């Protein structure tokens, strides 16, 4: 189930990056990896409680494709949001998380600020 969906998302991502590059050849592209609110635990309380562990290898594969796209695209910068967010999800107390309390898949105000930080650092490189 997940494998085909992730492959479709990654393929569409590649097409989108190519089309943006073709339309705007002098644009600096900022490509972000996808964070893991489970902190590598494969568990998201309140979201997929009954489904068992989430297959994180699909997220890893998608992030690898994003990294490849950044490396293979002229004037692209990689924003490594995934690595920056590790340790700020379900593995810590709720008040320390960088995710919105009402939906753990969305960043909180602090999380959005941290995404901004990673983007700015990537642009400064």
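The values are calculated or read from the model by the stated rules, or taken from the named source; none is laboratory data. What you are looking at is a predicted structure, and each value in this text was computed from that prediction instead of being measured. A quick note on method: Cβ atoms are made from the backbone with ideal geometry, for glycine too, and the neighbour counts reach across all protein chains shown.
I'd like the full set of residues that are under 16 Å from residue 122 (Cα atoms) and surrounded by 17 or more Cβ atoms within 10 Å (Cβ to Cβ), limited to the range 81-107.
In the first step, residues of the range 81-107 are kept if they are under 16 Å from residue 122 (Cα atoms); the result is 81-85.
Residues satisfying the conditions are 81, 82, 84, 85.
What number of residues in the range 98-125 are modelled with pLDDT of 90 or more and in contact with a helix residue (DSSP H, G or I) (Cβ under 8 Å, 6 or more places away or on another chain)? Spell out the reasoning first.
Keep residues of the range 98-125 that are modelled with pLDDT of 90 or more, which gives 98-100, 106-124.
This time we only want the ones that are in contact with a helix residue (DSSP H, G or I) (Cβ under 8 Å, 6 or more places away or on another chain), so: 98-100, 107, 111, 114-115, 117-118.
Of the residues in that region, 9 qualify.
Looking only at residues of the range 26-52 that are farther than 21 Å from residue 96 by Cβ and modelled with pLDDT under 85, we find that the one that is surrounded by the most Cβ atoms within 10 Å (Cβ to Cβ) is 48. Of all the criteria given as (1) modelled with pLDDT of 95 or more; (2) within 20 Å of residue 8 (Cβ to Cβ), the one not satisfied by residue 55 is (1).
Collect the residues in the range 78-97 that are modelled with pLDDT of 95 or more and either under 16 Å from residue 39 (Cβ atoms) or more than 16 Å from the chain's Cα centre (by Cα) (or both), keeping them in residue-number order.
Within the range 78-97, 80, 81, 82, 83, 84, 85, 86, 87, 88 qualify.
Here is the figure for the range 70-125: residues that are out of contact with any strand residue (DSSP E or B) (no Cβ under 7 Å at 6 or more places or on another chain) and either part of a helix (DSSP H, G or I) or under 18 Å from residue 17 (Cβ atoms) (or both) total 21.
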